[in-house]
Structure formats: C-alpha cells, structure tokens
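Right, one structure below, let's go through it.
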Amino acid sequence: MAGIRLDAFTGRYAQRTAGMTASEIRALFAVASRPEVVSLAGGMPYTTALPLDAVGSLMSDLIARNGPAALQYGSGQGDPVLRELICDVMALEGVIGSPDDVTVTVGSQQALDLITRIFIDPGDVILAEAPSYVGALGTFASYQADVVHVPMDAEGLVPEALREAIAQVQASGRTAKFLYTIPNFHNPAGTSLSDPRRDEVLQICVEAGLLVIEDNPYGLLGFEGPPTPAIRARGGENHVIYLGSFSKTFAPGLRVGWVLAPHAVREKLVLASEASVLCPPALNQMIVSEYLTTQDWQGQVAVFQKLYQERRDAMLNALTSMMPSGTTWTHPTGGFYVWTTLPAGLDAKVMQPRAITARVAYVPGIGFYADGQGQRELRLSYCFPEPARIEEGVRRLAGVVEAELELLQTFGPSFSERITGATTPSPGLA
Ligand SMILES: Cc1ncc(COP(=O)(O)O)c(C=O)c1O
C-alpha cells in the first residue's frame, strides 16, 4: 500500500533493539531547525566562531604534505602523535597519563559505546546521575543495562545518595559495574561537582570496588576561573576511566574523542574499537594534531568561553526577568545548558506542542532519565543562538508557561492531557 511501510523483519531483530528509541532531541530536530523557531533545544557548539580560513589552509597543507598517510588506514589505538598531544590537553585539568594508555575514538560517544560493550552484560547495573546525558542513556539501553539514578543538587552528585544507591543495589543481590558521571558543566543539569565532593565520590567508589567513568567534554569551557582538577587527577589512575573530546573545544564534525584507561582496560578497548571501526579516521586525527600544534587553540577556547558566557548571561537574565514565579533553574558556570523546573502541575512534554506553536523549542526532561522522572523539567541550551535570539526564545517560553498556568488554574491538572491527548509516563515505565 502506498505510503505505509511495514517492517518485514519484525520478529527477527535482536532483543537489544527493543531498548533503542529515538531520543527526545532527535525527535525535535526537524521542527527545531525551522528558521522561525528559536531553538533552545540542541547542544551544537558555535563552530561559526572558529578560524575557518586557517582551518581550511591547514587541511589543504596537510594533504599536500602528507596526503598518502592522511588518507590511509591507521592504528586501532589512534595516531601516536595525537595521543601525545592529548596528554598535554588533559594536563590542563590535572590529568597525568601516558600516551600508551590513551585510545582515540570516534567522538567520546564511541568511547561510551566501547566501555559499555566491554563491561556490561544484559541486566547489569550502571549508576548515573539524575538526570544524565541522553546519548549515554541510549548506549546503556542498547546494551540492556539497568540504570539506577543517583540524585544531584547544586554541587553535583550527592555523595550520601551515592552510598545509599550502592547499598541498595547490593541489597538487591546485584553489583553496580560502574558510576557514569559528568563532573563539569553537566549535560543536561548545568551544575558541576564541587572540589571536595570529587575526592569523596572517588573514595566511595574505590571502597565499593566501583569503576568511575568520568565524561568530561566541557571541562575547558568554564567561565569562572581555572578548571577544577578532574576526578582522575586525584589518585584515580586505577579506578577511573576518563573520556575527553575535541567536539566542544574544536569541531564536533571531525568526530575525534579519546579514552584514558588503566592499561588492561585499554587493551580491551582497542580490541573492541578494532572490531567496530578498525581504526579512527587518520585524516581527522591529523587535522586535530595540526590544529593543536599550528594554531592558538587555547586562545580559541578563550574566545568560546567569552562567547558562551555572554549567552549564558543572556539566558539567565531573561529567565530572571520573564519567567513566572514557581519556575526555577540552575546557574551554570560553564558549558552549554540550563536545567529548568516548571511550576508544580505543569508537564514539559505535554507543553511542548504549544511551545512549538509559539516558535520556541526545548528538550523535555524525561529524555534525560532512564526511569520516567523529569516531567516538570526541561533542558535549555544557550550555546548556539545569539543573545538577542536567546532573549526572544525565553520570552516566548515564558508566555507559554504563563498560558499553561492559567489553564491549570481554570480547569485543573488533567486539562493539558485532555486537549493534547498526551500521557505522562509513570516512574518505572518509560
Ligand atoms: C556529556 C557528553 N558526553 C559525550 C558527548 C558526545 O560527544 P562527542 O561524541 O561529540 O565527543 C556529549 C555531546 O554532547 C556530551 O554532552
């Protein structure tokens, strides 16, 4: 029948595909990229601010000088020159590692995939902050992991809650395989793990025999002072697997990230990566090495910091002056995101069609949890739109929230669901 495509392979897919669903962000992409919509949804770095002419020339010089090698297969572990340079980059956050223990990956997203592949069997427990990075949750779901969330507050992951979560998992007869954490400028929460808590979290995990997966793509994008030393930098050599990326400090389109792991883990990671992609792209790795050695890349990071700080300020000021009372939000000191909680009784997912009609896009909170929490929450990002657009976006959003509150006061809580037909997932079912 024209227009309807049935899947002839239903029933033949592996069980792991059952956990694979399009993320809230993917679903929004088409609508949020319409020009009339102010998108506070995507987390796209502002690549327009890169020195594009210089990057263009270094790429063509590279091919002229070293084309055959740049266009050739490379090492499964990644180019040794880049691995050396990655160690210099990590040292800026206090991480001292050997190039031998670094594996270059296709973005840190592939690192998440490889780590999950080598550690997780179906049903294994992963501890992760509540909320957590949607891309990591997607990977964990595709390996049929059971994610147990650990609450956060304004200082990041709550150590006491981590202790309790570990004990509860143990009491249920299971062992958590690792803690997945984003200590700097969290996606989506916008908060950072405080300095003293970094030591405490590491100590708790060491005592419990729990690996820490420290995912740190935003660490150099702080606005207020030098970076806080990483968890890996606090004696975590044998307990922490550290993930970095050039996506936010340089260019996500190159898809170059890395993992620093204890030696034995590194060997497994390389085998898993070879089975998956043979080797990371030689050309892109060389472009990154050239960029790091011939350009003032740290000056460029400072340009990004200033630009994102202005946008963060624009968003926080607009939220303060326009949002109806009862709405709260986090105050990021770096990175891309503000995590917003709506007044009681509102549902960000239910409200979304009306926000799109009002030409503003955000990501509803439920996508950032594995267990259906987050109905009142939403993620706003300020990295891509210019400050005036951010202000306009928040103005539109504030209007939508006001209108929702009026409906709620007039008709009661079930109104939103009745008119959109939307249902709210209950905890444990999403
Ligand atoms: C916390 C976090 N981890 C990992 C990634 C993946 O980054 P990439 O694969 O581009 O290095 C992102 C991207 O937004 C992220 O926010």
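Nothing in this text is a laboratory measurement; each read-out follows from the coordinates by a stated rule. Here the structure is a predicted model, which means the values were calculated and not measured. A quick note on method: Cβ atoms are made from the backbone with ideal geometry, for glycine too, and the neighbour counts reach across all protein chains shown.
By counting other Cβ atoms within 10 Å of each Cβ, how are LYS306, LYS268, LYS177, LYS248 ranked from fewest to most?
Working: LYS306 12, LYS268 16, LYS177 19, LYS248 24.
So the ranking, lowest neighbour count to highest, is LYS306, LYS268, LYS177, LYS248.
For the chain, the longest principal axis of the C-alpha atoms and the axis of helix 159-171 are separated by about 90°.
Once the other residues with Cβ under 13 Å from the Cβ of ALA344 are scored (Lys, Arg +1; Asp, Glu -1), what is the net sum? All intermediate terms of the calculation are to be shown ahead of the outcome.
Working: positive: ARG376; negative: ASP347, GLU377, GLU404.
Every neighbour counted, the sum reads -2.
Could you tell me how many degrees, from 0 to 90 and to the nearest 10, lie between the Cα long axis of helix 348-357 and the main elongation axis, the longest principal axis, of the Cα atoms of the chain? That works out to roughly 80 degrees.
So what is the calculated 222 nm ellipticity per residue for the chain, using -39500 (n - 2.57) for each DSSP H run with n of 4 or more, over all residues, to the nearest 500 deg cm²/dmol? Present the calculation step by step, with values, prior to reporting the outcome.
Details: 13 runs with 184 residues, N = 430.
That calculation yields -14000 deg cm²/dmol at 222 nm.
For the range 142-214, applying the loop criterion from DSSP together with a ceiling of 15 other beta carbons within 10 Å to the GluC sites (Glu not before Pro) yields GLU155.
Under the shape rule built on the C-alpha gyration tensor, where the axes satisfy a ≥ b ≥ c, the range 54-294 is prolate, since a/c reaches at least 1.5 and a/b is greater than b/c. Only aspartates and glutamates eight or more places from LYS349 in sequence, or on another chain, were considered; those with a Cα closer than 17 Å are GLU24, ASP371, GLU377, GLU402, GLU404, GLU417.
Length available on full extension from ARG395 to LYS306: 0.36 nm per residue minus the Cα-Cα distance, which gives 29.7 nm. Charge dipole (Cα centre; +1 on Lys/Arg Cβ, -1 on Asp/Glu Cβ; no other charges) of the chain amounts to roughly 1060 debye.
Order these peptides, 259-265, 401-407, by their mean beta-carbon neighbour count within 10 angstrom, highest first.
On the way: 259-265: 19.7, 401-407: 17.3.
Those peptides, ordered most packed to least, come out 259-265, 401-407.
By its C-alpha gyration tensor, with a ≥ b ≥ c as the square roots of the eigenvalues, how is the range 112-208 shaped: rounded for a/c under 1.5, else prolate for a/b larger than b/c, else oblate?
Cα axes put the range 112-208 in the oblate bin.
For the listed peptides 220-228, 390-398, a ranking on the average number of other beta carbons within 10 Å per residue, highest first, reads 390-398, 220-228. Spin-label model, ALA54/SER325: points 7 Å from Cα along the beta carbon direction are separated by 5.0 nm. How big is the chain by the Kirkwood estimate over distinct Cα pairs, in Å? One decimal place: 22.7 Å for the Kirkwood radius.
For the chain, what does the relative contact order come out to in percent, with C-alpha contacts under 8 Å and a separation of six or more?
Details: 781 pairs, mean separation 94.0, N = 430.
Computed over the chain, the figure is 22 percent.
How far is helix 297-322 tilted off the main Cα axis of the chain, in degrees rounded to 10, range 0 to 90? Relative to the chain, helix 297-322 is tipped by roughly 10 degrees.
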